Amino acid sequence: MTKHSQSSSDNSKVLKNKLMNGMNENSHVLVIEDDYDLLFMIKKLLEIKGFTVLTALTGKEGKRKFRKYSKQIRSVILDLSLPDQDGKKICQEFRKKLPRLSIIITTGSEDQAQKAELDQIGINAYLRKPFDLNELLKFISSSN
């Protein structure tokens, strides 16, 4: 076997593995969460599963990273209760810019009226804290 075909074979295995996991090089996930411990756990879980994870502790930082990496981002995990900005408004801005973006909302509240408003914006999931990280992973994997 030539060196070239070994490299091609290795590349095929990597591509096959990524496709089987529903990922590609553009499977970036942006996580905007002001709880550092939760942000860290989500980031580690997604990285273990092969995703590239961008993180932000504030809405301002999240919007900056969204603008910078919008072509690579496929999913956003967005906390509604950020210290500096309204998560619902951020959700609306992101949806307007990228209509097909997968948006997963996390919140400590169980406000059904709020959930209905977010559903109208077109969110993909609404997870009440504390949530099961496997459930989050299921939504992320199905949207990438």
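The values are calculated or read from the model by the stated rules, or taken from the named source; none is laboratory data. Nothing here was measured: the structure is a model prediction, and the numbers come from that model. Neighbour counts are summed over all protein chains in view; Cβ atoms, including those assigned to glycine, are modelled from backbone coordinates with ideal geometry.
Table for the structure above
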item: Matching residues in region 94-144 - criterion: being in contact (Cβ under 8 Å) with a residue 24 or more places away in the chain, surrounded by fewer than 19 Cβ atoms within 10 Å (Cβ to Cβ) and closer than 15 Å to Glu33 by Cα; result: Gly108, Ser109, Lys129, Phe131, Leu133
item: Any hit, region 75-94, residues being under 17 Å from Leu136 (Cα atoms) and among the hydroxyl-bearing types (Ser, Thr, Tyr); result: yes
item: Among (1) of a type outside the set (Gly, Ala, Ser); (2) modelled with pLDDT of 95 or more; (3) within 13 Å of the chain's Cα centre (by Cα), the one test that Asn26 misses; result: (2)
item: Residue that is farthest from Ile104 (Cα to Cα), among those in region 81-92 that are surrounded by 15 or more Cβ atoms within 10 Å (Cβ to Cβ) and touching an Asp or Glu at 6+ places or on another chain (Cβ under 8 Å); result: Leu82
item: Asp37 being surrounded by fewer than 20 Cβ atoms within 10 Å (Cβ to Cβ), modelled with pLDDT of 95 or more and over 13 Å from the mean Cα position of the chain (by Cα); result: yes
item: For Gly59: the one exception among (1) surrounded by 20 or more Cβ atoms within 10 Å (Cβ to Cβ); (2) closer than 19 Å to Ser143 by Cβ; result: (2)
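Condition check ((1) modelled with pLDDT under 95; (2) within 20 Å of His28 (Cα to Cα)) across all residues:
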site: Gly59; (1), (2): no, yes
site: Arg64; (1), (2): no, yes
site: Ser102; (1), (2): no, yes
site: Gln112; (1), (2): yes, no
site: Leu133; (1), (2): yes, yes
site: Ser141; (1), (2): yes, yes
site: Asn144; (1), (2): yes, yes
